[in-house]
Amino acid sequence: MAKKKETIPSSLLTLTIGIAVAAFSVWYGQNNHLLPEQLSSQAPLVDDLFNIMLCIATALFLLVEGTIIYTLIRFRHRPGDETDGEYIEGNFSLEVFWTAIPTFIVIVLGIYGVQVYNQMGGFDTVGQVAHHHHQHQVQLASLPADESNPMLLAERPEYGVGATPVEGLTPPDLEVDVLGMQYAWIFTYPSLGITSGELHVPMGQDIKLNITAQDVLHAFWLPQFRLKQDAIPGQPTQLRFVATKSGHYPIVCAELCGAYHGGMRSEIVVHEPDEFVTWISENQVAQNPDLEQAVALRTDGDRLQDYTTQMGLDATTVQAALKQP
Amino acid sequence: MTSAQLPLESPPATPPPSGHHNHPEKWEWYHYFLYNVDHKVIGIQYLVTAFFFYLVAGLMALFMRAELATPNPDVLDPNVYNTLLTNHGTMMIFFWVVPAAIGGFGNYLVPLMIGAKDMAFPNLNAIAFWLNPIAGIFIGISFYFGGAQAGWTSYPPLSLVTNNLGQSFWILTLITVGTSSILGALNFLVTIYKLKIPDMRWDELPLFCWAMVATSLLALFSTPVLAIGLILLFFDINFGTGFFRPEMGGDVVVYQHLFWFYSHPAVYLMILPIFGVMSEIVSTHSRKPIFGYKAIAYSSLAICLVGLVVWVHHMFTSGTPAWMRMFFSIATLIVAVPTGVKVFSWVATLWGGKIRLVTPLLFAVGLLAMFVFGGLSGVTLGTPAFDLHAHDTYYVVGHFHYVLFGGSVFGLYGAIYHWFPKITGHMYNETLGRIHFGLTFIGTNLTFLPMHNLGLAGMPRRVALYDPQFEDLNKLCTYGSMILGVSILPFLINMIWSWGWGEPAPRNPWRALTLEWQTTSPPAIENFDEDPIVWAGPYDYGIDTQSFEEEELSVDEMLAEVGQEMK
Amino acid sequence: MTAIDVNDNTLNPSTATTAAAAHHEEHEDYRLLGLMIFLASESLMFIGLFVSYLIYRGAAAAWPPEETEVELLLPAINTIILVSSSFVIHMGDVAIKKNNVKEMRAWYLGTILMGLIFLGGQVYEYLSLGYGLGTNVFSSCFYVMTGFHGLHVFVGVLLMLGVLWRSRRPGHYHATKHTGVEMTEIYWHFVDVIWIILFLLLYILTLF
C-alpha cells in the first residue's frame, strides 16, 4: 500500500474531482431532457427513477472513463523503458470495496425500481384476482366466436399495469377495449357504443385499456405516458392510467408485427372533460352501422368481417384504421 | 494417477513417435479448406468463415442504415428490410461473434494455453466446425426463399404467418449452429479439465481458459432449450401443431421463455470469451500482473450462474406476472456486480503499468470505455418501471450495440491483432492498425450513441419508416455506419498484406507469459516441439524486474535457460 | 478414435506397453466424461419440453381436452418392457466385465429386441389413437414428446447394433476395455429415465 500511495493523486485533488463529478452528475441527472413530455400519472415516477439512475451512471461513467484516460497518459510506456510494471496481484480491501459499492447501488436501485413499479400499478393484485372467476366450459359456450375455445380460458391473470395501490378496488372511470391488428389499432368503448381508430380519453380520469391482439404480437406504447404493454393473441393484457394534460400524442406499435410495423402508428387524443362529452355525443350520432360499405373498403375484408359485425364498425373508423399504410 | 507424476522428474524426452501421427510436417494452404482435426486449423477455419459472415451481415446493416437515413421506406422493400434486420442479428450472433470468439479463439488458444497438443476430441471438433458451413448453406437457402422476416427473436405468431419456407430454413440454421456450439462446449470442458499440463495449477490457468469454462457451461445448459423452442416452432409452421397457436390452446409466451432462456445467456456467450481475451491483452501490454486473478475468474462463473436466471427481463412488457418482473429485475441488476468487478480489475491492472498503446491494447481500452457505457445503460433497462418505456426502442438497440459491437467486436479485433503474430507468423502493420482503431471507435460512437436519444424520445426499433421528427439523429447514425463500413478497409488490407508479406514474427513478440508464446510462430502441428514449462504464472509480470534489468534477459532467453537447466 | 496423442508428457515412458495401455485408458476416460456432459445438455432439451408441457397443462381448463384422451394399458406394458430392458443391458455390462463377449452380445441382442418392441408399441399406439399432431395443444405435446423420445430410443438401438457389429472382432471389447459398451449402457439408462418422467407426465398426470 505504501508504494501505491505515490501513484494516487493527492487527496485534495481527488476531493475536488469528486465534488465536480458529483455536482455535474446530479445536474445532468435532473436536466438531461432525454425523455419526452410527461402525460400520465406514472410518467413522473418513471422519470424520477430514470433521472436517479442517470445521475449514478453519469458519476460512474465519468469516474471510470476519467481513470482510464488518466491511466493511459500517466502510465504510458516511455521509449527505452523495458521494465515491467509493479508486481501487484490485487488488493483485497480495494476489491471488497468495489464489489460492495455496486452491490449496494444495485440493491437500492432494485428496491426503488420495484417500488416505483408498484406505485405505477405493476402489482395489480386487484385486477388479477378479479379475473380469477372460475370460468368453465359451460359458461364459455355463450361467449363471442374468438373466445369460444375452451382451451383458451383457464384462469389467466391479466398482465400489464393495472390499478395503483391508491386506486385500490375502485373500478376505472372509463374502460376501452384495444385491439391490435396488422397494422392498426381499433378502440372500442363498450359502455359508450363507439368504435374508433384513435384513442380519445378525458383528462384527469382513471382509464383502463383492455388490450388484445387479433393476429400477431403487437405492443401498445404511449411514449409520453411511459407505458407499454404487449398485445398478445389469446391473452388479455391491460394498461391503466390517468392522463394529466390535454393534446394529441402518438401511439406506437413497439413489437415487430410485419412489413409495415413502422407504419402502425396512431394517436391518443386527451380531451378536457367537457370536450370529451362533446366527442362522445358527436360520435354516437355518427356511428352509422353501414357495414356493407365499411367491409367493402377493406381489401382483406374477410379477416375483419367477424370484428366489424361484432363491434359495429362504421365506415369512418375503418377508414381511419386503414389510413395507416 | 499418472498425472501426479511431475514431468520434471522424468527425462524430458520428446514424445515417442507413434504410428497414428499421420500428418505432414506442415499444413499446406489447401489443408485449411478440408476436413482437418488440428485445433489450430479448425480455429483459423472458424475465424475466417466467421469473418466472411461478418462482412455479409455488416453489409446488411449498411443497407438498413441507408433505408433509415430518411423517414420514408424508400430504399428497400419493407419485407426485404425485415429480412435484413432478422438476418443481420442472426448472422452477427450465430455466424460471427459466437463462432469467432468461442470456435475461433477458443479452439486456437485453449490447447496452446494449457500446454496440450490438441483438443480432447479432435474429430468432434472438426465435425462441430463443419456444421457451420452447412448452417451457412441453410441460411443461404432461407435467403433464396426470401429469408426469415420475423426478427432474430422470431416470435410467433408472426413467425408462423410470415414466409414459412424462409423461416423453416432459418430454424434449421440455428439448430445446426446450436449443435455445433454444444459439441464445442463439451470439448472445451473435457479438454481444460483433462489435458491441462499437470504442473499448471488451477490458479495458474490463463483467464481466457476460465472464461471458456464459464462460456461452455452456459452453452451446454442453455442451447438445448433454444433448440427445443425452435423445434416446436418448426412443428407449428410445418406440421400443424398448436404449441404457439392460441386458438388451439397454445401459448405464444412459452416460446418467449424458451427463446430467452438461451438467448439471454447467448449475450454472455458472446462477451465472456471476450472478457477472457481482455485479461490477456490488458495484462500483457501494460506489463503488469492482472489485478485480482481470482476475482476475475470467479466473476466469470458468477456471471454464468446468475446469467441463467435473468432471461425474463426481455419480457417485462409481455405476458409476465408481476412476481417474475420483480425477481428477474433484481437478478438482472445483480449481474452488474461481477461485470463491474471485471471492469474495475482491468482498470486497476492498467494503473501503474507500463502501458504500450499497440493496436490490441487500443481495442481493449476502447472496449473498456464502451462496455462501461453499455453496462450502465443495461442497468437502467433492468428496472421494469423504466423498461416499460424503453423496451423495444432504439435505446435498447443502442445499448446492445455498445456491449456487442463496442464490447465483443472490439474484443475480437483486439484478439486478432494480439494473436496475429502467433497465428500467422507475421507481424501486422501498426499504423494501419491504429487507423483501423480510430475509425472504428469514432464510427461506433457516432452510430450507436444517438440511438439512445432516439429510443428515449419515442422511436421503436425494427421499423423501416419512422416519425419525421427523428430524421436528424438517424442521419447521424447513418453517417456513423458509413465510417464503420470504411473502417473495415484498413483492417482487411492490413490482414491480407501482413499475412503474406509482413515482417516475420518471433516466438514471443509481446514477451507474454502464457504458454502459447513458448512455441514457434506459427506453432508446429502438435503445438510444442518441447514440452512447455510453467516457469511463471500467466500474469507474473514485474516479478524480479531488477534481476531482469541487470541481465537483460528476454523471456525467450529465460526459456532457453530453463530448458538448458532441465537437460 | 484417430485421436492425436495428447497425454504423453504425463506418462512414464519406461515401458512402451504400459504407456500404450495407460494412454488408451486416458482416452476412454474422456469419452465417458464427454458422454455425461452431452447427456446433461441433452436432458435440458427434455426439461424444456416438460416445463412447456406443464405450463400448457396449467393454463388449460381440461387436460387432456375431450377427445384426445390417452389409453393406459399398452403404454404401461411398454413402460415395463423399457424399464426392464435397463436391467437386461446392465447384465451385458456385467458379462463384459467378466470378459464374456458372447454373453454380452446375447444381453445386448435382448435389449435391442425390447427396444424394438417398445418402438413398435409406440407406433401401434399412434395409429390407434384417432387424433393427430394438430388436434390441439395436448395432442401436439403428446406426439412431439413421445416422438422425440422415440427418436432417442431408435438412436439407442442403433448404438447397440454398433456394439454388436464391433464385437464380432475378437478382442475388440474385453474386461478392461469396453468403453463403447459402457457408453451405450449409460445412454440407454438415460433414455429410460426420460421415459419414466414422460410416462408420469403424459399418462399418469392426465388421470388427475
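Remarks
- Any hit, region A:206-224, residues being modelled with pLDDT of 90 or more, in contact with a His (Cβ under 8 Å, 6 or more places away or on another chain) and outside any strand (DSSP E or B): yes
- Evaluation of B:PRO198 against (1) assigned to a loop (DSSP other than H, G, I, E, B); (2) at pLDDT 95 or above (one fails), failing number: (2)
- Within region B:456-490, considering residues that are more than 13 Å from chain A (Cβ to nearest Cβ) and among the polar types (S, T, N, Q), the one farthest from A:LEU54 (Cα to Cα): B:SER487
- Only one entry in C:LEU33, C:LEU72 is in contact (Cβ under 8 Å) with a residue 24 or more places away in the chain and either of a type in the set (A, V, I, L, M) or more than 7 Å from chain B (Cβ to nearest Cβ) (or both), namely C:LEU72.
- Taking region B:87-174 as the region of interest, the helices (runs of 4 or more DSSP H) fully inside it that hold 1 or more residues being free of Cβ contacts under 8 Å to residues at least 12 places away in the same chain are B:122-144, B:158-161.
Conditions (1) away from chain A (no Cβ under 12 Å); (2) closer than 28 Å to A:ASN32 by Cβ, marked per residue:
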residue: B:PHE405; (1), (2): yes, yes
residue: B:HIS418; (1), (2): yes, no
residue: B:GLY433; (1), (2): yes, no
residue: B:GLY438; (1), (2): yes, no
residue: B:LEU454; (1), (2): no, yes
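A quick yes/no check of all residues on (1) in contact with a helix residue (DSSP H, G or I) (Cβ under 6 Å, 6 or more places away or on another chain); (2) within 13 Å of B:LEU233 (Cβ to Cβ); (3) more than 14 Å from chain A (Cβ to nearest Cβ):
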site	(1), (2), (3)
B:PHE105	yes, no, yes
B:PHE138	yes, no, yes
B:SER154	no, yes, no
B:ILE171	yes, yes, yes
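- Taking the numbered list (1) within 22 Å of B:HIS389 (Cβ to Cβ); (2) away from chain B (no Cβ under 14 Å); (3) of a type in the set (A, V, I, L, M, F, W, C) in turn, A:LEU222 passes all entries but (2).
- Residue match in region B:291-300 (condition: assigned to a helix (DSSP H, G or I), over 20 Å from the mean Cα position of the chain (by Cα), charged (D, E, K, R) and surrounded by 22 or more Cβ atoms within 10 Å (Cβ to Cβ)): no
- Of the residues examined, B:HIS264 is one that is at pLDDT 90 or above and either surrounded by fewer than 23 Cβ atoms within 10 Å (Cβ to Cβ) or within 30 Å of A:VAL216 (Cα to Cα) (or both).
- For region B:318-332, the count of residues that are modelled with pLDDT under 95, within 9 Å of chain A (Cβ to nearest Cβ), at positive phi and assigned to a loop (DSSP other than H, G, I, E, B) is zero.
- Check on B:LEU232, within 14 Å of chain C (Cβ to nearest Cβ) and either more than 25 Å from the chain's Cα centre (by Cα) or hydroxyl-bearing (Ser, Thr, Tyr) (or both): yes
- In region A:189-218, residue farthest from the chain's Cα centre (by Cα) [restricted to those that are among the polar types (S, T, N, Q) and more than 23 Å from A:GLY247 (Cβ to Cβ)]: A:SER191
- Residue match in region A:34-43 (condition: more than 7 Å from chain B (Cβ to nearest Cβ), closer than 30 Å to B:PRO384 by Cβ and of a type in the set (Ser, Thr, Tyr)): yes
- Residue that is farthest from A:PRO223 (Cα to Cα) [pool: residues in region A:6-53 that are part of a helix (DSSP H, G or I) and of a type in the set (Asp, Glu)]: A:GLU6
- If you go through region C:128-158 and keep only what is closer than 24 Å to B:ARG245 by Cβ and among the aromatic types (Phe, Trp, Tyr), you end up with C:TYR131, C:PHE138, C:PHE142, C:TYR143, C:PHE148.
- If you go through region B:111-136 and keep only what is over 19 Å from C:ARG31 (Cα atoms), among the aliphatic types (A, V, I, L, M) and either surrounded by fewer than 23 Cβ atoms within 10 Å (Cβ to Cβ) or within 14 Å of chain C (Cβ to nearest Cβ) (or both), you end up with B:LEU112, B:ILE114, B:LEU131, B:ILE134.
- Residues located in region C:165-191, provided they are in a helix (DSSP H, G or I) and more than 20 Å from C:PHE87 (Cα to Cα): C:TRP165, C:ARG166
- Taken over region A:252-284, the criterion of being more than 11 Å from A:VAL201 (Cβ to Cβ), among the aliphatic types (A, V, I, L, M) and within 14 Å of chain B (Cβ to nearest Cβ) is satisfied by A:VAL252, A:ALA254, A:LEU256, A:ALA259, A:MET264.
- Within region A:69-85, considering residues that are out of contact with any helix residue (DSSP H, G or I) (no Cβ under 6 Å at 6 or more places or on another chain) and at the interface with chain B (Cβ under 7 Å from one of its Cβ atoms), the one surrounded by the most Cβ atoms within 10 Å (Cβ to Cβ): A:GLY85
- Apart from one condition, B:ILE496 fits all of (1) farther than 19 Å from B:LEU62 by Cα; (2) crowded, with 16+ Cβ neighbours inside 10 Å; the exception is (2).
- Evaluation of B:GLY352 against (1) outside any helix (DSSP H, G or I); (2) over 29 Å from B:VAL177 (Cα atoms); (3) more than 10 Å from every other protein chain (Cβ to nearest Cβ) (one fails), failing number: (3)
- A:ILE88 surrounded by 13 or more Cβ atoms within 10 Å (Cβ to Cβ), of a type outside the set (Asp, Glu) and modelled with pLDDT of 90 or more: no
The values are calculated or read from the model by the stated rules, or taken from the named source; none is laboratory data. Since the model is a prediction, treat every value here as computed from it, not as a measurement. Methodologically, a virtual Cβ is constructed for each residue, glycine included, from the backbone with ideal geometry; neighbour enumeration extends over all protein chains shown.
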